[in-house]
Amino acid sequence: MLDAIAAAIETRAQGRFSIESPEELFSEVSSNELNDCRIVRLRRNVPGAGARTMIVARVENHPKAIQAAMRFAANIRELLPEPEASDVYMILVIDQGTDDMAARIETDDRFCRKIVLRPGEDAYALLDRTFLAGTSSAGGTAGIADPFRVALSDLVETHPWVAGHLDAWRQLILSQEANSDIAQSLLATAREVRQ
């Protein structure tokens, strides 16, 4: 299952993040206590962007095994500079885990954010509960709509004049331009429509 999750992470990261190999950075942290573990670092495709570290681990359904995974996450976090230390995510696959156990673990945000694979959940459904949630029908997310596009479409119902501007607005808002420049462009469009 860890290979499927790692592959899903790579699929969802395409175009949004570059994937880094963290072996050198974390070589001093031992994962001997974990059955199976992968570390993936994702960096936004923006100059100067920080990285997000994802730890994907499979553990037995035993308190000591789960604690070992938490210690491992804490050790990884200690090696990261700020603000990257606050962007650590642990995806846990717990052998014969339950929904109740998953909910308890996920509410504890010490060391990192935790996402636990639920019974019957696949890799893409799990990632839909992270910052890698699907935004289109690509990569196994056929039932997921882009919430931003849905919000803009809802705007058309109230203000039909915006219909011709949705794609341009979406591109503008998702661009890397400064917020003040985006606001000025949106205001300019509104002024043009009123004239």
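The values are calculated or read from the model by the stated rules, or taken from the named source; none is laboratory data. Keep in mind it's a predicted model, so treat the numbers as computed, not measured. Ideal geometry is used to build each Cβ from the backbone, glycine not excepted, and the neighbour counts take in all protein chains shown. When the accessible area is computed, the model is the full protein with side chains, heavy atoms only, and any ligands, DNA or RNA have been set aside. Shrake-Rupley method; radii C 1.70, N 1.55, O 1.52, S 1.80 Å.
Run the 1.4 Å probe and let me know the accessible area of Val40, rounded to the nearest 10 Å².
Accessible area of Val40: about 20 Å².
Hey, with R₀ at 35 Å, roughly what FRET efficiency would Thr98 and Leu174 work out to, going by the Cβ-Cβ distance, to 0.05?
With a Förster radius of 35 Å, E is 0.35.
With every protein chain kept in the model, how would you rank Asp108, Asp100 by accessible area, 1.4 Å probe, largest at the top?
Asp100, Asp108
Just read off the accessible area of Glu192 with the full protein assembly in place, 1.4 Å probe, to the nearest 10 Å².
Surface open to solvent at Glu192 totals about 130 Å².
Provide the packing ranking of 89-97, 167-175, 3-11, i.e. peptides ordered by the mean count of other C-beta atoms within 10 Å per residue, highest first.
Per-residue mean Cβ counts within 10 Å order the peptides as 89-97, 3-11, 167-175.
Mind grabbing the accessible area of Arg38 for me, 1.4 Å probe, Å², rounded to tens?
Approximately 60 Å² of Arg38 is accessible to the 1.4 Å probe.
I'd like the FRET efficiency for Met1 and Glu78, computed as 1/(1 + (r/R0)^6) with the beta carbon distance as r and R0 of 25 Å, rounded to 0.05.
Efficiency, rounded to the nearest 0.05: 0.35.
At 0.36 nm per residue, minus the direct Cα-Cα distance, what do Glu121 and Ser18 gain on full extension? Give it in nm, one decimal, please.
Between Glu121 and Ser18, full extension yields an extra 34.5 nm.
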